[in-house]
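Working notes, structure below.
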């Protein structure tokens, strides 16, 4: 099993629309840190913060009522639960809503690592670099 130092979920708000099996598979990714990047977090109901917090391994307190169907949860009860609504708002304020481009508490650290290839590794690298598209060109060769 892989274990990463950091997992970054780009366009984090789109993950909520994934199928439940895809969402569940994201829970199995292992890392020391998890970041979610989005410009439009789902904040119109409690379901968005509950999903977001679950990917960060944060449980929001509240009461989930079961329905008459086995294993089904009454999602409407999430919106009427005052404790859950307050916890969702606190989660959004503390972890989601930043509204700033300046994040002074995150320090920048740069490390340069020199990699020495043997002849076979260098040949593989140059072959891949030759086959890679030129991002600086206009698409014409």
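The values are calculated or read from the model by the stated rules, or taken from the named source; none is laboratory data. This structure is a prediction, so every number in the text was calculated from the model and none was measured. Here the Cβ is made from the backbone with ideal geometry for all residues, glycine too, and neighbour counts use every protein chain on show.
The table below gives the values:
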item: For residue 6: the one exception among (1) at pLDDT 75 or above; (2) surrounded by 10 or more Cβ atoms within 10 Å (Cβ to Cβ); (3) within 12 Å of the chain's Cα centre (by Cα); result: (2)
item: Selection within segment 31-49 - surrounded by 10 or more Cβ atoms within 10 Å (Cβ to Cβ) and either out of contact with any helix residue (DSSP H, G or I) (no Cβ under 7 Å at 6 or more places or on another chain) or in a loop (DSSP other than H, G, I, E, B) (or both); result: 31, 33, 35, 37, 38, 41, 42, 43, 45, 46
item: Test for residue 68: is it modelled with pLDDT under 75, surrounded by fewer than 10 Cβ atoms within 10 Å (Cβ to Cβ) and either over 28 Å from the mean Cα position of the chain (by Cα) or assigned to a helix (DSSP H, G or I) (or both); result: yes
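To keep it simple, each residue is scored yes or no on (1) modelled with pLDDT of 85 or more; (2) closer than 30 Å to residue 52 by Cβ.
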position: 90; (1), (2): yes, yes
position: 95; (1), (2): no, yes
position: 103; (1), (2): no, yes
position: 107; (1), (2): no, yes
position: 111; (1), (2): yes, no
position: 117; (1), (2): yes, no
position: 124; (1), (2): yes, no
position: 132; (1), (2): no, no
position: 137; (1), (2): no, no
